[in-house]
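To keep things clear, I will list the structure first and then write my remarks on it.
The values are calculated or read from the model by the stated rules, or taken from the named source; none is laboratory data. None of the values given here were measured: they were computed from a predicted structure. Every residue, glycine among them, receives a Cβ derived from its backbone with ideal geometry; neighbour counts consider all protein chains shown.
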Amino acid sequence: MNKKAVALLSGGLDSTLAVKVLLDQGVEIVALNFTSTFCTCSCRGSVCSNEAARVANEFGIPIKVLKKGLDYIEVIRNPKYGYGQGMNPCVDCRIYMHRLAKNYMGEIGASFVITGEVLGQRPMSQRKDAFKSIEKESGLDGLIVRPLCAKHLDPTIPEKAGIIDREKLLDMVGRSRKPQISLAEECDIQNYPCPSGGCLLTDKIFSKRVKDLLDNKKDVTTEDLQILKIGRHFRLNNETKIVIGRDEAENKRLGNLVQPGDTLLEPLDFAGPTAMICGPVKNGTHSLAGRMILRYAGEKADGKRFLKLSQNGEATIFEVDSPVDDKVLKGMMI
Ligand code: SF4
């Protein structure tokens, strides 16, 4: 066993402090940062990764950024340890990340993993039994060092081997962040913008969309996931849903996320939202989507209106004459 470790670094305060505590013990650390479609911090321009990169840079340690792939969808679809308040499979998610950390550890010849977890801080994944499951299922038994709360946990292998001085590890516990903040002050650590992380899977409304997608589609694509984050969503049947843009940026984004077989409808002679029909269309689907556009275009789209319909590279024009009723919309809204 050597004195080299992989640290899971989000760029938040806890993981930053965990790295600092072990850097002070002379551990050679390589940071590992995860991004995903569901991370509110990384969805635009990898801000969270930039935070992690900034921290790594300040500490003068290398950093590797990994994106959670489509295999992560299967973790969300069927988590062994269940969900939190939304579709967040926190324990399984941590297992997923630690498995990848273990692989990376092997790649770079490191001997253990460091995380910023604090016992009792999060009700689902930061409990002793969850810590044990994460270690066991990721194949990292005794090899995950949690410097911020280590005194409440059994000694890890690096501690037993004398690579890490257990006496210099900490005894933080619970949800209060005061100990972290005072340690940050002590260590002159500033600018920690993402202390509690931002995961869309914990959001109940967003989770409804995720559940709807997973319930109705087996092979989920990256575009399917991106679409979850924009527009208003309406489920027609188990193959087809309609998404309506809420502003110009979303209308444009929908246009960029069209997949083979999807249909895009755009107003021709009035200002209004774009609609995307995801999945096959039946009789009346185009007209319904068009009438939804009129509904959300508001008063400015009264009367007969023309729409452009694009599918598989071909465009046609068609006419709709009245907005859809709100009651109909309500029954379909996801
Ligand atoms: S909050 Fe989200 S990213 Fe964090 S462990 Fe849970 S599922 Fe994973």
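Has the stretch 285-303 got at least one residue that is assigned to a strand (DSSP E or B) and touching a strand residue (DSSP E or B) at 6+ places or on another chain (Cβ under 7 Å)? Talk me through it step by step, then tell me what you get.
Let us first name the residues in the stretch 285-303 that are assigned to a strand (DSSP E or B), namely none.
So far as the stretch 285-303 goes, no, none of its residues is assigned to a strand (DSSP E or B) and touching a strand residue (DSSP E or B) at 6+ places or on another chain (Cβ under 7 Å).
Out of VAL113, VAL118, I need the residue that is within 16 Å of the ligand (Cβ to nearest atom), farther than 30 Å from ILE230 by Cβ, of a type in the set (A, V, I, L, M, F, W, C) and outside any loop (DSSP other than H, G, I, E, B). Which one? Just one listed residue meets the conditions, VAL113. Within the option set GLU74, GLU28, being acidic (Asp, Glu), away from the ligand (no atom under 11 Å from the Cβ), at pLDDT 95 or above and within 19 Å of LEU200 (Cβ to Cβ) holds for one residue only, GLU74.
Identify, from the list PHE34, PHE131, the residue that is of a type outside the set (Gly, Ala, Ser) and under 16 Å from the mean Cα position of the chain (by Cα). If you could, list the steps in order and put the result at the bottom.
On the way: PHE131 fails: under 16 Å from the mean Cα position of the chain (by Cα).
Matching residue, one of PHE34, PHE131: PHE34.
What residue, among those in the stretch 144-171 that are within 32 Å of the chain's Cα centre (by Cα) and surrounded by fewer than 22 Cβ atoms within 10 Å (Cβ to Cβ), is farthest from LEU13 (Cα to Cα)?
Taking the stretch 144-171 and keeping what is within 32 Å of the chain's Cα centre (by Cα), we get 144-158, 169-171.
Retained after the next criterion (residues that are surrounded by fewer than 22 Cβ atoms within 10 Å (Cβ to Cβ)): 151-155, 157, 170-171.
Values: LYS151: 19, HIS152: 20, LEU153: 21, ASP154: 24, PRO155: 24, ILE157: 25, LEU170: 15, ASP171: 16 Å.
Top of the filtered list is ILE157.
When THR240 is tested against (1) farther than 21 Å from ASP224 by Cα; (2) surrounded by 15 or more Cβ atoms within 10 Å (Cβ to Cβ); (3) touching a strand residue (DSSP E or B) at 6+ places or on another chain (Cβ under 8 Å), only condition (1) is not met. Of the residues making up the stretch 99-113, those that are surrounded by fewer than 24 Cβ atoms within 10 Å (Cβ to Cβ) and in contact (Cβ under 8 Å) with a residue 24 or more places away in the chain number 8.
Can GLY11 be described as assigned by TED's automatic domain parsing to the domain that holds SER138 and within 16 Å of the ligand (Cβ to nearest atom)?
Numbers: assigned by TED's automatic domain parsing to the domain that holds SER138: yes; within 16 Å of the ligand (Cβ to nearest atom): yes.
Against the criterion (assigned by TED's automatic domain parsing to the domain that holds SER138 and within 16 Å of the ligand (Cβ to nearest atom)), GLY11 qualifies.
Being exposed (fewer than 13 other Cβ atoms within 10 Å of the Cβ) and either at pLDDT below 95 or outside the structural domain of GLU51 (by TED's automatic domain parsing) (or both), is that true of even one residue in the stretch 114-128? Looking for residues that are exposed (fewer than 13 other Cβ atoms within 10 Å of the Cβ) and either at pLDDT below 95 or outside the structural domain of GLU51 (by TED's automatic domain parsing) (or both), one finds at least one in the stretch 114-128, hence yes. With respect to the stated conditions, LEU9 is at pLDDT 95 or above and within 27 Å of SER207 (Cβ to Cβ).
Is there a residue in the stretch 183-203 that is under 22 Å from LYS330 (Cβ atoms) and small (Gly, Ala, Ser)? Outline the logic, then answer.
First pass over the stretch 183-203, keeping only residues under 22 Å from LYS330 (Cβ atoms): 203.
This time we only want the ones that are small (Gly, Ala, Ser), so: none.
Within the stretch 183-203, not a single residue is under 22 Å from LYS330 (Cβ atoms) and small (Gly, Ala, Ser).
Counted as qualifying within the stretch 200-265 are the helices (runs of 4 or more DSSP H) with 1 or more residues that are within 16 Å of the ligand (Cβ to nearest atom) and within 22 Å of the chain's Cα centre (by Cα), namely 204-216, 222-228. A search for C-beta distances below 8 Å between a residue of the stretch 250-262 that is more than 12 Å from ILE227 (Cα to Cα) and any residue that is surrounded by fewer than 14 Cβ atoms within 10 Å (Cβ to Cβ), counting only pairs 6+ apart in sequence or on different chains, returns PRO260/ASN312; GLY261/PRO280; GLY261/ASN312.
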